[in-house]
Amino acid sequence: MYENFVEGQIPTEIGNMESLLWIDMYSNILSGSLPKELFNLETIVSIYLSSNKISGSISNHITNTTNLIDLWLDDNEMTGAIPQGIGSLENLSKFRIKNQPVYFRLCLRYDVP
């Protein structure tokens, strides 16, 4: 549903969609903060929410999305620190933030025996 002029907040009920694999609401008019329920979806692999009016910060609940590969949040109105636990998401390979499509790989810590 990208570029469809969808407005409003992402409903907390999104957390009830237990088999949701991806959400693509890129370039709409979504506002408000990201509901923590979004990050309770263990099956989700891609979240594309760039180019909206989303505010607030990324919830610490992001660590629940262990299958997450893509997280695109650039060109929004978000503030705050990136949760430290995001580094534990071993599958996360594309993370876009701020006003530019900045790609970077997360460096994960591994204990070497």
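Readers should treat all values here as calculations from the given coordinates under stated rules, not as data from a laboratory. Note that the coordinates shown come from a computational prediction; the quantities given were computed from them, not determined experimentally. Reconstructed Cβ throughout: ideal geometry from the backbone, glycine too, with neighbour counts over all protein chains shown.
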When the Karplus curve 6.51 cos²θ - 1.76 cosθ + 1.60 is applied with θ = phi - 60°, which whole-Hz ³J(HN,Hα) does each residue of region 50-63 get, with x for Gly and Pro?
5, 6, 10, 10, 6, 10, x, 10, 7, 5, 5, 5, 4, 5
Relative contact order of the chain (C-alpha contacts under 8 Å, at least 6 apart) in percent is 20
What whole-number value in cubic angstrom gives the convex hull volume per residue for the C-alpha atoms of region 7-96?
74
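Counting only other residues whose beta carbon sits under 12 Å from that of T63, what net charge do I get with K and R as +1, D and E as -1?
-1
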If neighbour count is taken as other Cβ atoms inside 10 Å, put L68, L73, L21 in order from fewest to most.
L21, L73, L68
Could you compute the longest span of the chain free of trypsin sites (Lys or Arg not before Pro) located in DSSP loops and having at most 16 other Cβ atoms within 10 Å, not counting the site residues?
1-97
Cut-off of 10 Å, at most 16 other beta carbons, DSSP loop: longest stretch of the chain lacking such GluC sites (Glu not before Pro):
43-89
